[in-house]
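So the structure is just underneath, and the comments pick up after that.
The values are calculated or read from the model by the stated rules, or taken from the named source; none is laboratory data. Predicted model, so just to flag it, every value in this text is computed and none were measured. Glycine gets a Cβ as well: all are built from the backbone with ideal geometry, and neighbour counts include every protein chain shown. Accessible surface areas use protein heavy atoms only, side chains included; no ligands, DNA or RNA. Shrake-Rupley method; radii C 1.70, N 1.55, O 1.52, S 1.80 Å.
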Amino acid sequence: MNPTTPITPTAPVAEGDGEKKTAEKAATDTAGAKDAAERPETAGRLDKARTESAEATEPSDRDGAEQDLDPDSDSDLGLGLDDDDLDDDGSGKESAGLGTAAAAVVSVGLGIVSLTGAWSGRVAAERETLIGQIKTSSGGSAAQQISEIYGDAWHATALVNGIFGLVALLVGCYVLVRPAFGAPSAHPQAGWVRAVAKGGIALGVIGVLVSVGMYFDLIVALPTAAATPAGS
């Protein structure tokens with residue numbers, strides 16, 4: 001007979017013993033990791049790693065915050081406008097203010113011209129004088145010569161000066177009423193602009209009144225020729 005190999009009996013494995021052993025092993029590993037984390041040297045390494053990680057992420061966060069607070073970015077404005085659009089709006093308002101200021105100065109200049117006279121008035125007066133001389137060259141009475149040569153020239157000068165005064169009056173009024181029309185401005189009209197415009201209006205009114213008085217001979221009457229004796 002052949003010798004037989006002895007067979008060592010094995011203990012039967014009950015149902016669920018494998019799962020129980022696996023759970024016990026996982027619990028043992030977790031407890032070991034916890035004990036290692038509680039050790040001083042392990043805790044120090046973990047704290048150092050957390051600190052380095054925080055320092056590495058802080059610059060990017062800080063850069064993002066600075067970008068969010070950047071006043072030049074379009075996202076902060078919330079209107080989709082860039083710097084060129086803002087500059088255009090500012091330049092338009094500044095141009096409007098300069099235009100009204102220049103108009104106020106022009107109004108004063110025209111008012112002064114209406115009182116002192118201009119070369120255009122002298123040219124009109126000389127033209128009327130020449131026409132009067134032509135009309136009276138073939139003869140005429142003294143009254144006719146005064147009216148044609150002197151009176152018409154006087155009236156032409158007064159008419160031209162009155163036109164300058166009227167234009168000065170209109171320009172000054174435009175400067176004062178301009179803020180009431182169009183888009184409202186964020187900045188009120190400068191006080192000196194209003195003062196200069198009022199000065200131009202005053203000069204224009206005076207120029208118009210003087211011109212009307214001179215044109216209709218209300219201030220100074222035309223000279224009259226002395227009547228000649230009938231027997232002479």
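Laid out as a table, the results:
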{"read-out": "Rg to Rh, two decimals, where the range 123-232 supplies the alpha carbon set and Rh follows Kirkwood", "value": "1.28"}
{"read-out": "Accessible area per residue, Å², the range 118-232 with all protein chains present, probe 1.4 Å", "value": "64 Å²"}
{"read-out": "Label point distance in nm, Q144-Y174, each placed 7 Å from Cα along Cα→Cβ", "value": "4.6 nm"}
